[in-house]
């Protein structure tokens, strides 16, 4: 029986590869793939493709430089989101903590649905405008 393809990582387009990679690195506690770290010698960072990995070294997210990127207008459909990421946390307290952390890193709040007892959540936009959700949930 043939196998199935395996998802390597999700790639996000951005006009600022390092900036968006740094947002998600700090927000999710990830690391750069060896060789993708920022230059430490004061040299120019001309990266146009970066990969973040989890604690086990598995690829998680990648970032690709593009010359322009129309910011999503979600919840309006003028410029659709096309893709969004969902992140779960175990409690309302953690939901609040991670929302504040995301905003400190440059995220923008798009929707507050924390009054929904079935699935409290925040929808936010990362610094490049990609929508993502933080929600209280289980696996």
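The values are calculated or read from the model by the stated rules, or taken from the named source; none is laboratory data. Predicted, not measured: the structure shown is a model, and the values here were computed from it. Neighbour counts run over all protein chains shown; Cβ positions are idealised from the backbone, glycine included.
Residues in the stretch 116-125: is at least one part of a loop (DSSP other than H, G, I, E, B) and either touching a helix residue (DSSP H, G or I) at 6+ places or on another chain (Cβ under 8 Å) or modelled with pLDDT of 95 or more (or both)? Among the residues of the stretch 116-125, at least one is part of a loop (DSSP other than H, G, I, E, B) and either touching a helix residue (DSSP H, G or I) at 6+ places or on another chain (Cβ under 8 Å) or modelled with pLDDT of 95 or more (or both), which makes the answer yes.
Residues of the stretch 62-74 include at least one that is surrounded by 16 or more Cβ atoms within 10 Å (Cβ to Cβ), under 27 Å from residue 89 (Cβ atoms) and modelled with pLDDT under 95.
How many of the residues making up the stretch 65-113 are part of a loop (DSSP other than H, G, I, E, B) and in contact with a helix residue (DSSP H, G or I) (Cβ under 7 Å, 6 or more places away or on another chain)? The qualifying residues number 2. Could you list, in sequence order, all residues of the stretch 126-139 that are in a loop (DSSP other than H, G, I, E, B) and without any contact (Cβ under 8 Å) to a residue 60 or more places away in the chain? Matches in the stretch 126-139: 137, 138, 139.
Looking across 79, 51, one residue alone is surrounded by 13 or more Cβ atoms within 10 Å (Cβ to Cβ) and modelled with pLDDT under 95. It is 79. For the stretch 21-48: of the residues being in contact with a strand residue (DSSP E or B) (Cβ under 7 Å, 6 or more places away or on another chain) and modelled with pLDDT under 95, which is surrounded by the most Cβ atoms within 10 Å (Cβ to Cβ)? Per the stated criteria, the residue is 36.
For (1) over 25 Å from residue 123 (Cα atoms); (2) over 17 Å from the mean Cα position of the chain (by Cα), each residue gets a yes or a no:
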{"position": "34", "(1), (2)": "yes, yes"}
{"position": "43", "(1), (2)": "yes, yes"}
{"position": "59", "(1), (2)": "no, no"}
{"position": "77", "(1), (2)": "no, yes"}
{"position": "81", "(1), (2)": "no, no"}
{"position": "99", "(1), (2)": "no, no"}
{"position": "104", "(1), (2)": "no, no"}
